[in-house]
Amino acid sequence: MTDSTHTTLATPRPAADRAAAVRDFLTAQSTLLLGVLAVLAIIFTILEPKFLSVPTASNILTDWGSVVLIAVGQTFVIISGGIDLSVGAVIGLSGVVAAWTMANVLDLEQTVKGPDAWFGLFIGTLVSVGVGLLVGLINAFLINILKIVPFIATLSTMGAALGLSVVISEGAPIGSANDFALISAISPQSNPLSPALILVILVVTVLGLYLHKSKFGLYTYAIGSNAFAARAAGINVARHLTWVYALSGALAGLAGMYVYIRLGAGSPSSGTGRELDAIAAVVIGGVSLMGGVGRMLGVIIGALILFTVQSGLIMIGVEPDWKKVVVAVLIAAAVAAQVLQKKDGR
């Protein structure tokens, strides 16, 4: 009798656990963001049927490719409790230096196309990433050694990078070897992905796993939550932040080469305003600007939402100049949502 009663009382537990799991899934940040993305796609498709097409998806994903790289780097930085305003300027500087190297050191003309350009593009990529890495290390030096707050430190390097890119390029784009097939959709009719975009997805996936599954990621969250406690626990905060800002800079350099391939030239203005796009993607994705909180999947979806909104508005007839306004509104809305959510949690 007792055993039967015990069994009867125990049977609802799996059902309750499943219900809780479903509820957690439906209220998870990433699920909500996917819902927002789906609703946006439906609305824009109703307003402009051409929105739901492979060419539109290709345009959105191509824009997403460069920004998600710097957004991933920005995610590490913001979770650690900092911010990196230099990433947009680094895109321009790294692209210009890479183009200058290919044109003047490797003597590759703009007429060099296709597979003949691959060696030059490989060297250009190394140079571009190296430039970004150097800027990231300079940011770390200003923050760790000179004790300048991240906002001012990266604002300074942003200005320096913008100025250097204009000096090196003399204010004009620098063209060299390229292979536009690397940035073009694999199949304009059925597959919007490009070879370069597939590489970006691989990089983002690896870094997402690194953030959430490695000791490096654990330390990043710990420092962003409480740097003093992290230091007391034996974490070398200065060294870790050096790696974080170096990673952010290197990803910005890689994004610079991505943009170079897309444009066919290195331009000092190619990254203008992209730091705002990266920050918007991060905060839309649920990363707290106070540090210590955030998920990489949310940032990836946040970047997709950002460019879905921008592309959708342009397709329904809104002037492109309104893009910056939209980005600013999305940042404010996302931060406000974080504040309200935090108050509700209390």
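The values are calculated or read from the model by the stated rules, or taken from the named source; none is laboratory data. Predicted, not measured: the structure shown is a model, and the values here were computed from it. Glycine also receives a Cβ, built like all others from the backbone with ideal geometry; neighbour counts cover every protein chain displayed.
Counting only helices (runs of 4 or more DSSP H) wholly contained in the stretch 235-338, the ones carrying 1 or more residues that are without any contact (Cβ under 8 Å) to a residue 60 or more places away in the chain and under 24 Å from T154 (Cα atoms) occupy 237-263, 274-284. The selection criterion, being of a type in the set (S, T, Y) and either in contact with a strand residue (DSSP E or B) (Cβ under 9 Å, 6 or more places away or on another chain) or touching a residue at least 40 places away in the same chain (Cβ under 8 Å) (or both), holds for S169. The residues in the stretch 176-186 that are more than 23 Å from D63 (Cβ to Cβ) and either part of a helix (DSSP H, G or I) or of a type outside the set (G, A, S) (or both) can be counted, and the count is 0. In the stretch 158-185, which residue that is modelled with pLDDT of 95 or more and of a type in the set (G, A, S) is nearest to G114 (Cα to Cα)? Here the residue is S165. Tell me yes or no: at least one residue of the stretch 187-209 is among the polar types (S, T, N, Q), within 23 Å of G130 (Cβ to Cβ), assigned to a helix (DSSP H, G or I) and out of contact with any Phe, Trp or Tyr (no Cβ under 8 Å at 6 or more places or on another chain). Checked against the condition, which is being among the polar types (S, T, N, Q), within 23 Å of G130 (Cβ to Cβ), assigned to a helix (DSSP H, G or I) and out of contact with any Phe, Trp or Tyr (no Cβ under 8 Å at 6 or more places or on another chain), the stretch 187-209 yields no hits at all. Kindly indicate whether any position in the stretch 141-160 is of a type in the set (A, V, I, L, M, F, W, C), outside any helix (DSSP H, G or I) and surrounded by 13 or more Cβ atoms within 10 Å (Cβ to Cβ). Within the stretch 141-160, one or more residues are of a type in the set (A, V, I, L, M, F, W, C), outside any helix (DSSP H, G or I) and surrounded by 13 or more Cβ atoms within 10 Å (Cβ to Cβ). Every test in (1) farther than 30 Å from Y221 by Cα; (2) under 12 Å from the mean Cα position of the chain (by Cα) is passed by I60 save one, and that test is (2). Filter the stretch 248-307 for residues that are among the basic types (K, R) and either under 10 Å from the mean Cα position of the chain (by Cα) or more than 15 Å from I78 (Cα to Cα) (or both) and give the result. Matches in the stretch 248-307: R262, R274.
Taken as a whole, the structure places G217 among residues that are without any contact (Cβ under 8 Å) to a residue 12 or more places away in the chain, more than 27 Å from M102 (Cβ to Cβ) and part of a helix (DSSP H, G or I).
Within the stretch 63-117, the set of residues being free of Cβ contacts under 8 Å to residues at least 40 places away in the same chain and assigned to a helix (DSSP H, G or I) comprises T101, N104, V105.
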